[in-house]
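Written out below as structure tokens is the structure these notes cover.
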Amino acid sequence: MTRPRHGLGSRQQQAVKVHVGDTNTRHRLATQFILENMEVHEAVEKLTSFGFARAGCFRSTHEANEAADAILEECRLEHGLLPLSIIGDFVIPPLEGKETRDFQTLHFDFGLPLNPKIAQDVARYTALYVPAEFSGVRAATRLVPLMPLLSQRPWPTPAELVKRFTSYGRTHGAWNDDEGYVEGSFARIVEAAAADSSPILPSVKIDPGFHCGMEFDSLSAELAFFKDHGLRIDEIEIDVPLAPGELLLFDNYAVAHGRRGTRRPGELRQRIYGHSLQPAEQRKLRDDVLRKFQRPIASSVASAPSAR
């Protein structure tokens, strides 16, 4: 599936692309927050070490957005990444929408470019914020660090993985072969990489109306799928129940994410930060992610704090 959006199939949500600002402004904003707010400094360290961080409490969405901009700009500078833009800005669920179902499958915002052929946006970081005035929050964000999870079973070489992803995209995954294959569903990526048997997940090649994110009817069915592929999600998953006014940031390629529980209209604000990359740059990003299939558990990731 190419160009998956948050909501995994919702066609009501459209990405809004906004530049965070010029380099000097971003750096000045980052420095201001780092000097004035030690909690933000701690968030930078945790996001870099563990792939996610919580911060708050913020009185408004504007305050939370400013903090997210500062934290992510500092992370970008530490990692030597290209300047970040806001490539998606959503209210989850939409104010005029309905309450969500009781779980969301594990995924990557905007997808992982497995066989890129055209220039497109890629999401590096995601910021989630629950407005301070919102009460009765019942949902928790599910985070699954990739390195410790993928170390639970053997995988083929990165070159073989690319071949498997390309083949899977042609027969099962991609909307338009001429545009390449970008996959948002973590389950599909695992199914393509494992190649243990014929694919069993629903296919847009067969049903063009299928919406990414609806592969499973229940959370237990999703967990069973991963267990059948040698991955014990429940041993790795971290649940983050955001309180009103709290901000969560995560590295979109260090963790897969989903949801446990329902959200009511207007409950969550989501910003997605990323870049527009040419195919060659997307392949470099993909290859960086594929190395997580080969590496042992890093102590910093393995000891990530639980948020259950």
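The residue that is surrounded by the most Cβ atoms within 10 Å (Cβ to Cβ), among those in region 254-282 that are out of contact with any strand residue (DSSP E or B) (no Cβ under 7 Å at 6 or more places or on another chain) and either without any contact (Cβ under 8 Å) to a residue 40 or more places away in the chain or among the aromatic types (Phe, Trp, Tyr) (or both), is Glu281. Condition check for Ser135 on (1) under 29 Å from Leu47 (Cβ atoms); (2) in contact with a Gly (Cβ under 8 Å, 6 or more places away or on another chain); (3) assigned to a loop (DSSP other than H, G, I, E, B): one failure, at (2). Listed by first and then second residue, the pairs with beta-carbon distance under 6 Å, at least 6 apart or on different chains, first residue in region 196-220 and over 19 Å from Arg170 (Cα atoms), second assigned to a loop (DSSP other than H, G, I, E, B) and aliphatic (A, V, I, L, M), are Gly213/Leu8.
With of a type outside the set (Gly, Ala, Ser), closer than 23 Å to Phe52 by Cα and crowded, with 20+ Cβ neighbours inside 10 Å as the only criterion, which of Asp234, Asp251, Asp239 stands out? Can you show your working first?
Values: Asp234 fails: crowded, with 20+ Cβ neighbours inside 10 Å; Asp239 fails: crowded, with 20+ Cβ neighbours inside 10 Å.
One residue alone meets the criteria, Asp251.
Summed over region 101-132, the residues that are part of a strand (DSSP E or B) and more than 12 Å from His275 (Cβ to Cβ) give a count of 16.
State which residue is surrounded by the most Cβ atoms within 10 Å (Cβ to Cβ) when the search covers only region 132-146 and only residues that are of a type outside the set (A, V, I, L, M) and more than 24 Å from Phe108 (Cβ to Cβ). Before you say what the answer is, go through the steps one by one.
Residues of region 132-146 that are of a type outside the set (A, V, I, L, M), as a first pass: 133-136, 138, 141-142, 145.
Those left that are additionally more than 24 Å from Phe108 (Cβ to Cβ): 133-136, 138.
Values: Glu133: 9, Phe134: 18, Ser135: 9, Gly136: 7, Arg138: 12.
In this case the residue turns out to be Phe134.
Total residues in region 170-203 satisfying the condition of being in contact with a Ser or Thr (Cβ under 9 Å, 6 or more places away or on another chain) and part of a loop (DSSP other than H, G, I, E, B): the figure is 7. Within region 33-59, restricting attention to residues that are surrounded by fewer than 22 Cβ atoms within 10 Å (Cβ to Cβ) and of a type in the set (Gly, Ala, Ser), the residue that is modelled with the lowest pLDDT is Gly56.
Take Thr100 and tell me if it is hydroxyl-bearing (Ser, Thr, Tyr) and in contact (Cβ under 8 Å) with a residue 60 or more places away in the chain. Steps first, please.
On the way: hydroxyl-bearing (Ser, Thr, Tyr): yes; in contact (Cβ under 8 Å) with a residue 60 or more places away in the chain: yes.
Judged against the criteria, Thr100 is a match.
Can Ile189 be described as among the aliphatic types (A, V, I, L, M) and buried (at least 19 other Cβ atoms within 10 Å of the Cβ)? Yes: the conditions hold for Ile189. In a residue-by-residue description of region 175-189, the property of being under 20 Å from the mean Cα position of the chain (by Cα), under 22 Å from Val122 (Cβ atoms) and among the hydroxyl-bearing types (Ser, Thr, Tyr) applies to at least one position. With the structure loaded, tell me whether Pro83 is surrounded by fewer than 19 Cβ atoms within 10 Å (Cβ to Cβ), in contact with a His (Cβ under 9 Å, 6 or more places away or on another chain) and not hydrophobic (A, V, I, L, M, F, W, C) or whether it fails that test. Taking the combined requirement at face value, the residue satisfies it. In this structure, Ser151 qualifies as of a type in the set (S, T, N, Q) and farther than 25 Å from Asp102 by Cα.
The values are calculated or read from the model by the stated rules, or taken from the named source; none is laboratory data. Quick caveat, the model's predicted, so the values are computed rather than measured. All Cβ positions, even for glycine, are placed from backbone atoms using ideal geometry, and neighbour counts span all protein chains on display.
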